[in-house]
Amino acid sequence: MATRKVTLSLDSGALEFAERAAKAHGISVSSWLSKAARREAVRTGYTPQKPEPGAAESDEAERAAAEKDLRAQG
């Protein structure tokens, strides 16, 4: 999956939460935020209109993992 560098603004509480959660999972804050964004997109029913070429397989795997995580959480 392609990675793009972006700048985000988070309130201090959200950043602290993301940092702690990422540390607890042993991953970077960027990786944790990416996964959280995908989970939230799946949870709210978002599906891409036009996937990027070559990204379909990895997107499907990420979507399936996010759905599995949501089911495990109840």
Query - Environment charge at W32 (Cβ cut-off 15 Å; Lys +1, Arg +1, Asp -1, Glu -1) - result: 0
**Report entry** Karplus-derived HN-Hα couplings along the range 5-13 (A = 6.51, B = -1.76, C = 1.60, θ = phi - 60°), whole Hz, x at Gly and Pro
**Finding:** 8, 9, 10, 10, 10, 10, 5, 4, x
Query raised in the report: Which ³J(HN,Hα) values in Hz, rounded to whole numbers, follow from the phi angles of the range 26-32 under the Karplus curve 6.51 cos²θ - 1.76 cosθ + 1.60, where θ = phi - 60° and Gly and Pro get x?
Result: x, 10, 6, 4, 4, 5, 4
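Every number in this text was worked out from the coordinates using simple rules, so none of it is lab data. Since the model is a prediction, treat every value here as computed from it, not as a measurement. Note that each Cβ is placed from the backbone with ideal geometry, even for glycine, and that neighbours are counted across all protein chains shown.
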